[in-house]
Amino acid sequence: MTLLSLKNISRRFDSTPAVADVSVDVERGEFFGLLGPSGCGKTTTLRMIAGLETPDSGTIEFDSNDITNLSPERRGFGMVFQNYALFPHLNVFENVAFGLRARHKPRAQITQQVTSALELVQLPNYEKRRVDELSGGQQQRVAIARAIAIEPALLLFDEPLSNLDVTLREETRGELRELVNRLGLTAVYVTHDQEEAFALCDRISVMMSGRILQTGKPRELYEHPVQLSVARFLGRNNLIRVVRLSSSKSAVGEFKTLEGDHKLHLPIRNDDLAPMNKPCFLAIRPEHLLITRTNVRSENVLPARVREFNFAGATTSIKLDANGLQLESLVLEPDSLAIGDSCFVTLPPERLLLLNE
Amino acid sequence: MSYNTSSRLSFTRSPRLFLFLITGVVLLYGVIYPNLEVVVTSLQRDHQWTLANYREALSQSAVLESVLTSLGVSTLTVLFCALVGIPLAFLFERYSFPARRLFAVLAALPLVLPPLVGTVAFIFLCGESGILSRLVQSALRLETPPWSLRGWTALLLFHTYTMYPFFYVLTGAGLRRIDAGLAEAGRSLGAGSVQVLFRVVLPQLTPSIVAAGLLTFMTSMASFSAPLLFGGSVRVLTLEIFTARQRGDLELALTETVILAAFSLGALIFFQRYEGTRRFAAAAMKGTGRRLKPITSGKARAAAVVCGVLFATLLVLPVATLILVSFAQDGRWTTQTLPPAYTLANYARILTEKDASEVFVNSLSMSAIAALAALLWSFCVATLARGKGSRVWKRLLSLLVLVPWALPGTVVAVALAEAYGKPSPLLRSYVLIGTFWILPVVYFLRFMPLVVRAVQASMEQLDPALEEAAGSLGARWWRRFRRVTLPLVWPGAAAGTLLAFVIALGEYVASVLLFVPSNRPVSIAIASELRDFNLGAAAAYGVVLMGIIAVSMIVAARFERWRS
């Protein structure tokens, strides 16, 4: 069931559009991500959901009520800010109790709710501490406790983990997901970190230049990006410039690469994607390339030369040169290949994705 | 990622309207109407529009000369102050040596010395019959005093003494803002230290230095007590306005007022433009703090300390003289170098005689009223300036707020006298001039910009996300203000209010034009004691005033420390 619904919202700052015609539906109980490079409008979108900005056009509905012009203090959404925005003059208890006091809750209830919120974020007995005595990770937890203490109808996160170091970030990520699950909350999470979004979110909207390019489950986005820019942004991709040779009627498309002059074949799912003789792109993930020493008899095998090795622990990236066409392959074992070696690289047809510019 | 937008954390409609109303009324009554009235009157004669007043004023050689003199004095003042203040700022911000902090605090001392008190102290110290000249006279067995404290030299000496802190304080602040990493980057790219100074450090300091120069220029144009007491034949514009009014030549006074105001406002507009560009220095703030370079060589260390002591003595000497003279028996000090006999009678008189002690009550209460009103009003202005609204509108608001501060005290007083000395369309039959309230109003107008600045600066340091967080947690505007904004802004606001209070305590320039028997302030009492040659009593007033100021400043410093 749809809980939050953005309908064609737009926002400009001094004539530069920050968010353009964005529509999103968030289901109840969903952990929803807004993913995009910095400056893509994801934070502005989140701030409009929070009520901290007003859209120039479009509507925001929550639980079937129009909240577009409702002020933030009346929305009852919890928000975790990028820099946490803890009140420096208040101690941990008072920070977490802030929203409850604003709701004029009885004292006993406040104490009880603050205590349990702090327990949830694993900071029991930190009530009396000053916030500037806490480490970054602890401040982060206080910010989360403060947001969940008000039992928010919706929880908003603005890159909450970006100020933490890598190990802490991954640890907190897991806890955060578990916490939101346990409380049965609906969350909207803004990040520029693809890995973080994939790990946390049930569904993700990829944003670029103020627009949503694609919305879907992490796996869908990764395996079937519908646009070149999504393919480019999410993970590594070999993007091969090609021209279609076969007629648009045939079910198997034949393509010629602009670099290296190779012929590639793949099954065509949607004909109008690639008209004949018009340049387009074929995308294939580095982990889907197969490297062999000898020529295997199958489709899309290109002779290549090893150009570069990049050892990265669990995987190794191998850069290949196939007659001028630069390809990257990701393998677990580099198979005793050396720089300068000749080899064959296979591009499995079912892994190739046809994309337009 | 942060967006430079005013968030839409809303007020409920009514308080915002209320703030608008208060701000608008104060600006209309205090700034727009009186100054407009002056300009309009100066452009009229017998209710006819004419430039006759200006033609006449500018055809008088005395007026022309006073304009040129004012400009000349101010330009030279800026030059001398820069020569003293900038090197001093480098010394204190870049090097460490024994007692650096003490000297650094002392260096800002003249900023809080009321101009009139400073002037009086200067006369006692280096006037014709001052302690220094008597010392030289008796040492060299001269017939006559070795110098007279009159004219250009005296004026420039005094101006440099009282105004170099603008350069010292602003350059120091600028130096602190500069990312030390930039200078290091410059060095690593092969620039020598001189090259780094001129190509990296000074360009970033330019806004601070220009701002200091404009401030000094404005203050010097407005200077009144010093030219009055030892300007001698140097006739500056403020003095001309004062004497024209005393003569009863109101039209000339008004015309001269407009001329003076034009220069000050010109400087203000430049000042505002440079204020804006100061941001680029602050933008590069993420970086390493600079470590003070210790002066290690023994000789250099000794030289630095000797210089420091010498400099501190120079700074403290006028004040020390004032204290000494305040204990002198009036009438007994004739030809001796130092007063021969000491007494507490001066203090006893000013603190017990009803007429004499009343001026303290007057000054304290009027300054307190003005400062508190300024504090309340500043929150209105700062909140409006922070909220949504077009940039043009906000610029206009901050310009209007700064106008009474940029205008010389003489101009503010003349404008108020002109606007409210007779029944006016704004106040109907109520005549403000001649009542007790005129001085609190003048003090408020002249010094509220300081408070507005302090409150605005504190609010700018406030992370907007804090208020947004409070909003998202369900707090309405009043709770957000009371529980988040106020506690965080309070120390800075209180320090600014105390500063305004302290400066109002010693106000003389506008008071002398507007006071009435029921609100005689301390400064007027000092001037009249001086006129009657009760030097001891004048000094005693000055010392008590400085005492109150010192206590207030210590409290203000506490607030400042609290903030950080």
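Computed from label points 7 Å out along Cα-Cβ, the spacing between residue A:277 and residue B:337 is 10.9 nm.
Can you tell me the convex hull volume per residue for the stretch B:188-237, based on C-alpha atoms, in Å³ to the nearest whole number? Numbers along the way, then the final one.
Values: hull volume 5.1 nm³, N = 50.
So the per-residue hull volume is 103 Å³.
Rg/Rh for the protein assembly as shown to two decimals, with Rh computed the Kirkwood way over all alpha-carbon pairs.
We get a ratio of 1.10 for the protein assembly as shown.
Along the stretch B:307-313 the Karplus relation, 6.51 cos²θ - 1.76 cosθ + 1.60 evaluated at θ = phi - 60°, assigns HN-Hα couplings of 4, x, 5, 4, 5, 4, 4 Hz to successive residues, with x for each Gly and Pro.
Here's the list of lysines a cross-link from residue A:256 could span, going by alpha-carbon distance under 16 Å and ignoring same-chain residues fewer than 8 apart: A:278. Derived scalar couplings between HN and Hα for the stretch B:262-267 equal 4, 4, 5, 5, x, 4 Hz in order, rounded to whole Hz, by the Karplus curve 6.51 cos²θ - 1.76 cosθ + 1.60 (θ = phi - 60°), x for Gly and Pro. Straight Cα distances below 20 angstrom link residue A:128 to the aspartates and glutamates A:94, A:119, with same-chain residues fewer than 8 positions distant left out. Listed by chain and number, the lysines whose alpha-carbon sits under 30 Å from that of residue A:42, ignoring those within fewer than 8 places in the same chain, are A:7, A:217, B:286, B:388, B:394. Chymotrypsin sites (Phe, Trp or Tyr not before Pro) within the stretch B:135-231: which are DSSP loop residues with at most 16 other Cβ atoms inside 10 Å? Passing both the DSSP loop test and the Cβ count: B:147.
Taking amide H as placed 1.01 Å from N in the peptide plane, the amide H of residue A:13 sits under 5 Å from that of A:18, each at least 5 places away or on another chain.
Normalising the average separation of contacting C-alpha pairs (under 8 angstrom, six or more residues apart) by the number of residues puts the relative contact order of chain B at 20 percent. The C-alpha atoms of chain A occupy a region whose extents along the principal axes are 76, 46, 36 Å, arranged from largest to smallest.
Taking 0.36 nm per residue of separation and subtracting the current Cα-Cα distance, fully stretching the chain between residue B:189 and residue B:429 would add 79.2 nm. Here the stretch A:172-295 is treated as an ellipsoid with the same Cα gyration tensor; its semi-axes, largest first and in whole Å, are 36, 17, 12. Between residue A:297 and residue A:263, the simple label model (points 7 Å from Cα in the Cβ direction) yields a spacing of 1.8 nm. Only one residue of B:345, A:24, B:365 has its Cα farthest out toward the positive end of the dipole of the protein assembly as shown, where Lys and Arg carry +1 and Asp and Glu -1 on Cβ, and that residue is B:345.
Can you check what the Kirkwood hydrodynamic radius comes to for chain B, Cα pairs only, in Å to one decimal? Walk me through the numbers before you get to the answer.
On the way: mean 1/r = 0.0391 Å⁻¹.
The answer is 25.6 Å.
Dimensions of the stretch B:289-373 along the principal axes, based on C-alpha atoms and rounded to the nearest Å, stand at 58, 49, 15, largest first. For chain B, the longest piece that avoids every one of the trypsin sites (Lys or Arg not before Pro) found in DSSP loops with at most 11 other C-beta atoms within 10 Å covers B:292-564. Simple spin-label estimate for residue B:528 and residue B:62 gives 2.7 nm between the two label positions (7 Å along the Cα-to-Cβ direction from each Cα).
Remark: the stretch B:411-564 is approximated by an ellipsoid whose semi-axes, taken from the C-alpha gyration tensor as √(5λ), come to 38, 24, 10 Å, largest first. Measuring with a 1.4 angstrom probe and ignoring ligands and nucleic acids, residue B:364 comes out at about 60 Å² accessible.
Other protein chain C-beta atoms within 10 Å of residue C-beta, averaged over A:66-74: 4.
Per residue, how big is the convex hull around the C-alpha atoms of the stretch A:236-355? Give it to me in cubic angstrom, could you?
93
Stretching residue B:95 away from residue B:357 to a fully extended chain increases their span by 89.7 nm, per 0.36 nm per residue minus the current alpha-carbon distance.
Between A and B, buried accessible area summed over both sides at probe 1.4 Å, in Å² to the nearest 100? Mind dumping the intermediate values first?
Numbers: alone 17400 and 27510 Å², together 42060 Å².
Answer for the A-B pair: about 2800 Å² buried.
Computed 3J(HN,Hα) for the stretch A:234-242, one whole-Hz value per residue from the Karplus formula 6.51 cos²θ - 1.76 cosθ + 1.60 where θ = phi - 60°, is 8, x, 8, 8, 8, 10, 10, 7, 9, glycine and proline marked x. Summarising the strand pairing of chain A, around 80 percent of its internal DSSP beta bridges are antiparallel.
Show me the ranking of peptides A:43-56, B:370-383 by mean Cβ neighbours inside 10 Å, starting with the highest. Write out the running numbers ahead of the final one.
Values: A:43-56: 23.7, B:370-383: 21.9.
Sorting A:43-56, B:370-383 by mean packing, highest first, produces A:43-56, B:370-383.
Comparing A:61, A:308, A:196 in a Gaussian network model of chain A where C-alpha atoms under 10 Å apart are linked, the largest mean-square fluctuation is found at A:308. A run of chain B free of exposed loop cleavage sites, with GluC sites (Glu not before Pro) counted only in DSSP states other than H, G, I, E and B and at most 16 other beta carbons within 10 Å, reaches its longest extent at B:354-564. Each stretch of four or more DSSP H residues adds -39500 (n - 2.57); spread over every residue of chain A, this sum gives -7000 deg cm²/dmol at 222 nm.
Considering only alpha-carbon pairs that sit under 8 angstrom and 6 or more positions apart, the relative contact order computed for the stretch B:316-444 is 18 percent. Less than 5 angstrom separates the built amide H of residue A:30 from those of A:187, all sequence-distant by 5 or more or on a different chain. Rolling a 1.4 Å probe over the protein heavy atoms leaves residue A:165 with an accessible area of roughly 90 Å².
Taking the convex hull of the Cα atoms, report for the stretch B:51-326 its projected area averaged over all directions, in nm².
Working: hull surface 75.5 nm².
Quarter of the Cα hull surface area: 18.9 nm².
The values are calculated or read from the model by the stated rules, or taken from the named source; none is laboratory data. Predicted model, so just to flag it, every value in this text is computed and none were measured. Counting neighbours? That spans all protein chains shown, and the Cβs are built from the backbone with ideal geometry, glycine included. Just the protein is used for accessible areas: all its heavy atoms, side chains included, with ligands, DNA and RNA removed. Shrake-Rupley method; radii C 1.70, N 1.55, O 1.52, S 1.80 Å.
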